[in-house]
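Chemist: This is the structure, below, for whatever I ask next.
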Amino acid sequence: MNKLPRVTLLFWIMKIAATTLGETSGDLLSMTLKVGYAVSSMVLIGLFVVSLVTQLRSKRYHPLLYWSVILSTSTAGTTMSDYMDRTLGLGYAKGALILAAMLAVIFVYWRYSAHSFSIQNIKTFKGELLYWTAILFSNTLGTALGDFLADDSGLGFAGGAFLIAGLLALTALATFSARISKTLLFWIAFVLTRPFGATMGDVLTKPTEKGGLNFGTIGSSLILGVILVILILHATLYQRRETSAVAKVGC
């Protein structure tokens, strides 16, 4: 069975909420709690591995489990990117280029492997593993891109968010074209929602004199966490109603 959710408007709302929460909670652990990028990355990668193994062992789609893995890739991606860009001194631009090259290699390998590249037909263990590997690196890349737009491009936090929002709008419009691969557009949107979440996370956490709303990492994480929990509960209830309806038809 396909253990992945259908790609709807709700999916993208939840994706943005999860990636923004990943940005704020990653910063909460590494900077606010002063755990550091290296230790935070190891802790969060460990949580990612645990949630991913549970997802891979599952026999069907569980909204809570699926979005837990998405959130863990987002938080791990935040600290991994910060470790590369800041601790190793690569900088946002160079770090983003390295991550983009690694993601491209994953996509090329996946595209020419024997496993389906279509997100609607991922039904094998190896196909699902490639899917989650691409998600981890896309979220890590998105953090570096978001930080680059906010800090190095001169656009600032809000400017970076508006730019990414514009690119997402263009991607959404492109879905109406029959000539463009829907799978390609999905991955473009998936990558873009991560820097959008990163810049939105900065807008929520940074002080007002830097263009933010000054909620801080704790306040922002709490707000986003409540929103994501509500959305997951909604998705879970919808999934149960749909399963019940299918069972009745089968009878």
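Chemist: Just add up the charged neighbours of residue 77: K/R +1, D/E -1, any other residue whose Cβ is under 10 Å from the Cβ of residue 77.
Modeler: Taking every Cβ under 10 Å from that of residue 77, the sum is -1.
Chemist: Please report the net charge: other residues with Cβ closer than 13 Å to the Cβ of residue 57, K and R +1, D and E -1.
Modeler: Result for the local shell: +2.
Chemist: While we're looking at this one, here's another question. Among 207, 195, 63, which one shows the biggest mean-square fluctuation in a GNM of the chain, springs joining Cα atoms closer than 10 Å?
Modeler: In this elastic network of the chain, the residue with the biggest mean-square fluctuation among 207, 195, 63 is 207.
Chemist: If I fit a long axis through the Cα atoms of helix 63-82 and take the longest principal axis of the Cα atoms of the chain, what angle between them do I get, 0 to 90°, rounded to 10?
Modeler: 30
Chemist: Given points 7 Å out from each Cα along the Cα-Cβ axis, report the residue 54 to residue 120 separation in nanometres with one decimal.
Modeler: That separation, rounded to one decimal, is 3.0 nm.
Chemist: Return the single residue from 145, 28, 155 with maximal mean-square fluctuation; model: Gaussian network over the chain, springs between Cα atoms under 10 Å.
Modeler: Judging by the Gaussian network model, the answer is 155.
Chemist: Around residue 122, what is the net charge, scoring Lys/Arg as +1 and Asp/Glu as -1 over all other residues with Cβ under 11 Å from its Cβ?
Modeler: Here the charged neighbours net out to +2.
Chemist: Also: For the Cα atoms of the chain, what angle does the longest principal axis make with the long axis of helix 182-205, in degrees from 0 to 90, nearest 10?
Modeler: 40
Chemist: Which of the peptides 162-172, 64-74 is most tightly packed, and how do the rest follow, going by the mean number of other Cβ atoms within 10 Å of each residue?
Modeler: So the peptides 162-172, 64-74, ranked by packing, come out 64-74, 162-172.
Chemist: Same structure, new question: Tell me, how many Å apart are the Cα centres for segment 98-156 and for segment 165-208?
Modeler: 13
Chemist: Angle, helix 92-111 long axis vs. longest principal axis of the chain, Cα atoms, 0 to 90°, nearest 10?
Modeler: 20
Chemist: If contacts are Cα pairs under 8 angstrom and at least 6 residues apart, what is the relative contact order of the chain in percent?
Modeler: The value is 26 percent.
Chemist: Related question: As a test of the definition: which semi-axes, in Å, follow for segment 138-220 when you take the square root of five times each eigenvalue of its alpha carbon gyration tensor? Largest first, please.
Modeler: Semi-axis lengths for segment 138-220 are 27, 12, 11 Å.
Chemist: Calculate, in whole percent, how much of the Cα-Cα pair population of segment 54-113 lies beyond 13 Å.
Modeler: It works out to 71 percent of all Cα pairs.
Chemist: Estimate the FRET efficiency between residue 2 and residue 174 by the formula 1/(1 + (r/R0)^6), using the beta-carbon distance for r and 25 Å for R0, to the nearest 0.05.
Modeler: That pair, residue 2 with residue 174, gives E of 0.55.
Chemist: Among 105-116, 126-137, how do they line up from the highest to the lowest mean number of other beta-carbon atoms within 10 Å?
Modeler: The packing order, highest mean first, is 126-137, 105-116.
Chemist: Quote the convex hull volume per residue of segment 1-84, based on C-alpha atoms, as a whole number of Å³.
Modeler: 84
Bear in mind these aren't lab numbers, they're just calculated from the coordinates by the rules spelled out. A quick note: this is a predicted structure, and the numbers were derived from the prediction, not measured. Glycine gets a Cβ as well: all are built from the backbone with ideal geometry, and neighbour counts include every protein chain shown.
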